[in-house]
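The values are calculated or read from the model by the stated rules, or taken from the named source; none is laboratory data. Everything numeric here is computed off the predicted structure, so don't read it as measured data. Counting neighbours? That spans all protein chains shown, and the Cβs are built from the backbone with ideal geometry, glycine included. Ligands, DNA and RNA are stripped out before the accessible areas are found, and what is left, the full protein with its side chains, is counted by its heavy atoms. Shrake-Rupley method; radii C 1.70, N 1.55, O 1.52, S 1.80 Å.
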Amino acid sequence: MKLPKAYEPKLYEADIYALWEKSGAFQPTNDKVGYSIVMPPPNANGNLHIGHELTSALEDIAARYHRAKGESVLLVPGADHAGFETQSVFEKQLVKEGKSRFDFSREELYSKIWDFVALNRDNFESQLRKMGVSCDWQHFTFTLDKKIVDRAYSTFKKMWDEGLIYRGERLVNYCTFHQTGFADIEVVYKEAKTPLYYLKYGPFELATTRPETKFGDTAVAVHPDDKRYRKYVGRVLEIEGVNGPFSVQVIADEMVDPNFGTGVVKITPAHSFDDWEAGKRHNLEVKRVINHDGTLNHQAGRFEGMTVMEARKAVVEALKEKGLLVKVDENYTNRVGHCYKCDTIIEPMLMEQWFIEMESLAKPAIKVLKEGKITFYPESKKDQLIAYLQGLKDWNISRQIAWGIPIPAFQNVDDPDDWIYDERVGEEILTINGKTYRRDPDVFDTWFSSSSWPYATLNFGEKDSSDFNKFYPLSLMETGGEILYPWVSRMLMLGLYITGEIPFEAVYIHGYVMAEDGSKMSKSVGNVVDPLPVIEKYGSDALRMGIIWGRSAAVNRGYDERRVEEARNFCNKLWNIARYIEDKSNKNSIRGEVQAVTGVDNWILSKLSNVKVNLLTNLDNYNFSEAFEAIYHFVWDDLADWYIEASKSEPNQLLLEYLLESTLVLAHPFAPFVTETIWQTINEDSSDLLALKQFNGILPYDKNKAQEFNEIQTLVSEIRYIQKALKVSKTAFFYEDSIILETNADLIKKLANLGSVKKGSGNLKITNPKFICSLDISSEIADNYASELELKLTKQQAYINQLEARLNNKSYIQNAPADLVKQTKEQLREAKANLISIQIELEKYSV
RNA sequence: GGGUGAUUAGCUCAGUUGGCUAGAGCACCGCAUUUACACUGCGGGUGUCGGGGGUUCGAGUCCCUCAUCACCCACCA
């Protein structure tokens, strides 16, 4: 035998992948219907985790499936420079070396991170290979590749020219540790107990959580209808503060909730989003108090140089001394924004940044979503995306970090309002027409450049010798729910804006792989599962099937190693089916035309036909798990447990070989390595790849003959049950006048583990509605069967009652479809026949 | 405050336009060493489909309501 007793993935996987890659199996053939997926690029700096296993498994199953359907498939791999993410990882390393990013210029930092990423980049490429991903490596794209940077620039330029980009001084979510701004979506809000301080504030008493921003107060606000304070509105008041008196204006604004605190709010336009808006409404003075490093500036007087938290304490102390502190509510909870990376409290900070006007980009996106032009899996994500797009604010794309694509904009050193677009970002200073321009030191938000990913990777609108651009738009965008808003929404908007086409036909959102106990996996908790050791232990196919099995779109689900183990067993099952068939092939080399001969031959072909339809339907609708279960049950329950067992008494070698090949092709997307390994081992023609085989047609079969075997199956199960229940085996089986039972006598004897199968009658009658047959079992033993029969009788009677009730209902007869009524009648007839045979048999025991 | 999803066997979950006695895997119990496989085979049973109401001949599925949980969005001094 060529195949050893058990499948050992480790011995084959690397060679099989190399064989695929060498043969160019993953490159599109370019001459048939195209199917394309661009993989969401993983961060270039790290190792792949179990979530990547899920995402690449789903994408690869889709890709291999469409290849087997005969389509030209392109699966594009990539890597993400992941701007801020990567810089954070690198900074942590610097800290370990006792350094900080502020020891370097942005240029130095950029080149250091570049080297750092280059070191790690091979890592995940080899990991993707281990996962068996059938991607086209020649098409590998990095988010800092020239073509991606060029796209970012041309997109920025187009928006600049069309007035969608503006530079503005706005309050920005700002992390004082990383010293960069963030988009709204990047801020993590957390519930926290924040002391609420009640202060004496001129004639008012007011509540605040941020006494340290007092130095930036330029107004106090009350509700317009609040009679208590009406007389102060419009006046400018002198307020006694910790650093002496200062003046504020009293304004009336709807934003104030008269029932919260004292109904009076101090307004600090430079350091609060709401206050900023109020400031704009009332033309208030903006006074900055906090520096970019999180310390207070000269406005704070003697508190200058303190951090926000230090100053809060000190100011509260000072207020107390001056008798300005009325009380403190320690139980007040509110939600505070944090940096999602370092957990520092986000400061609203007044900054000049580049913004993209979103309304005109979002509108067309909302339109195509509402028109249902993109199919979402699950469907509900579409409405969520629409709701998100409808509430979108302008997008801050400036980041004050080094690791990213420099913004191609230069500012006139003599005229701050004079900005020019120029791609010579290698230069810090440009001189144009005698004017001096300095480059904006900022870089783009990573999501800005990655929004172009579908059309940029596929060279949309460009002359392209490889003709990859015909794969745009993508067939599928497969990704995790966490980037529906930051990425999918923006790819959609920019795709429409730049290409005029919807960038993907379908969006599939997968859920998270949670830890085994259902909690979130996290490095700090230490409950992450590293896919590589799992692959090492169980094989790549096993992990793939184990992770997709029982998982549906957007549902978070715990990782379960037992599933992986079962999937490993499934690989071994396939292996041993092949092993059996191959063994028989050596002993029995009859050639001829493959065809169904016996009932079971026809039956297995009908099952094969069903599983194929089932698999195609499910995968066309991205029901990965159900498609897998279909092939799993076909292989295990039908092919192995029934057909191969049956073939031991009625061998049809050519059909076995046909079934093996058909099964391998069907199972290949789910278990690429083991199926290809089997194929390569039994064929010895390495140019004939299973990975490139298409689904074949199903041989013709006779439905009636297939049905005959169904009946035999039922009978065999019944006999097995009786023998188990009575603890006997190898009993003699008798039948009366049945051609089917006569022709299948040997088969039934084998499958039901009987002693003999003969015409005649025994003392224990089998209550099967299709056949009159019996077992020869001594009466003492058979007596035990009475209780089994009684149970059966009760169940059957209940069933009959149910059916009769249904048929006695006139409305049912009138309103239900005729077919269904007919079916119910048939069921009742069968059930009654069955009941009678049980009753007749039972009578024997009551004597 | 707004939104979305979930609640089905001991556990993890399927159940596509309402219609065959509600399923799968695991776990569990029993039997089996028969030449593909113990990473095995055979047999076994378990559910007031979260509660309540409604529509219908018929509801796990549709509608209303309540409860619990999860996630997302907006963020109040």
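Points to keep in mind about this one:
- With viscosity 0.890 mPa s and temperature 25 °C, the Kirkwood radius over alpha carbon pairs of region A:731-819 converts through Stokes-Einstein to a diffusion coefficient of 156 µm²/s.
- Region A:215-264 versus region A:286-342: alpha-carbon centroid distance in Å: 19
- Two-decimal Rg to Rh for region A:544-674 - Kirkwood Rh, Cα set: 1.01
- Here region A:694-847 has an Rg and Dmax of 18.5, 64 Å, counting Cα atoms alone.
- Region A:313-360: proportion of alpha-carbon pairs further apart than 14 angstrom, %: 75
- Rounded to 5, the percent of DSSP beta bridges in chain A classed as antiparallel: 70
- Spread over its residues, the convex hull of the C-alpha atoms of region A:269-381 is 217 Å³ per residue.
- Projected over every direction and averaged, the convex hull enclosing the alpha-carbon atoms of region A:2-97 yields 9.8 nm².
- For region A:794-847, the square roots a ≥ b ≥ c of the C-alpha gyration tensor eigenvalues yield an a/c of 1.5 or more together with a/b exceeding b/c, which makes the shape prolate.
- Once the chain from A:Lys810 to A:Asp467 is taken as fully extended at 0.36 nm per residue, the excess over their C-alpha distance is 116.9 nm.
- In whole percents, the pair-distance distribution calculated for region A:59-109 from its alpha-carbon pairs, binned every 10 Å from zero, is 21, 28, 13, 16, 17, 5.
- Max-minus-min Cα coordinates of region A:624-674 on each principal axis give 36, 17, 13 Å, with the largest extent listed first.
- Part-to-part distance (alpha-carbon centres) for region A:624-679 and region A:84-105, which is given in Å: 54
- Between the listed residues A:Ala57, A:Asn412, A:Tyr721, the Cα displaced farthest toward the positive end of the dipole of chain A, a dipole computed from Cβ unit charges relative to the Cα centre, is found at A:Tyr721.
- Amide H contacts of A:Gly558 (H built 1.01 Å from N, in plane; Pro and chain starts excluded): A:Met514 sit under 5 Å, all sequence-distant by 5 or more or on other chains.
- Ligands, DNA and RNA left out, the accessible area of chain A computed with a 1.4 Å probe is 48% carbon and sulfur.
- For region A:613-760, convex hull volume per residue from C-alpha positions, Å³: 145
- Mean shadow area of region A:298-455 over all directions, Cα convex hull, nm²: 16.3
- Translational D in µm²/s for chain A (Stokes-Einstein at 20 °C, 1.002 mPa s, Kirkwood Rh from C-alpha pairs): 65
- If you wrap region A:400-502 in the convex hull of its Cα atoms and look at it from every side, the mean projected area works out to 9.1 nm².
- Inverse mean reciprocal Cα-Cα distance (Kirkwood Rh) of region A:213-348, Å: 16.1
- Overall shape: oblate for region A:27-166, with the ratio a/c of the largest to smallest alpha carbon gyration tensor axis at 1.5 or above and b/c at least equal to a/b.
- Taken about its Cα centre, region A:249-314 carries a charge dipole of about 260 debye when Lys and Arg each add +1 at the Cβ and Asp and Glu each add -1 at the Cβ.
- Protection proxy ranking of A:432-438, A:65-71, A:400-406, by the mean of other Cβ atoms within 10 Å over each peptide's residues and highest first, is A:400-406, A:65-71, A:432-438.
- Taken over region A:664-721, the convex hull of the Cα atoms encloses 142 Å³ per residue.
- Note that region A:345-410 carries a Kirkwood radius of 14.6 Å, evaluated over its alpha carbons pair by pair.
- Cα point-scatterer Debye curve for region A:118-249, base-10 log of I(q)/I(0) at q = 0.16, 0.21 Å⁻¹: -1.10, -1.27
- Around the amide H of A:Leu474, modelled in the peptide plane, lie the amide H atoms of A:Phe504, A:Glu505, all under 5 Å away and 5 or more residues distant in sequence or on another chain.
- Lys/Arg +1, Asp/Glu -1 at C-beta; chain A dipole; positive extreme among A:Pro77, A:Trp487, A:Ala630: A:Ala630
- Excluding ligands, DNA and RNA, the accessible surface per residue across chain A is 45 Å² with a 1.4 Å probe.
- Applying the Kirkwood pairwise sum to the alpha-carbon positions of region A:532-598 produces a hydrodynamic radius of 14.5 angstrom.
- Between A:Lys370 and A:Glu169, full extension at 0.36 nm per residue minus the direct alpha carbon distance yields a gain of 68.9 nm.
- Kirkwood Rh, Cα atoms: Rg over Rh of region A:458-559: 1.10
- Sites A:Val187 and A:Glu505 - FRET efficiency at Förster radius 35 Å, r taken between beta-carbons, to 0.05: 0.60
- The three principal axes of the C-alpha atoms in region A:130-177 carry coordinate ranges of 49, 34, 14 Å, sorted with the longest axis first.
- Close amide H partners of A:His510, meaning residues 5 or more places away or on another chain with modelled amide H under 5 Å apart, are A:Thr479, A:Gly480, A:Gly481, A:Ala554.
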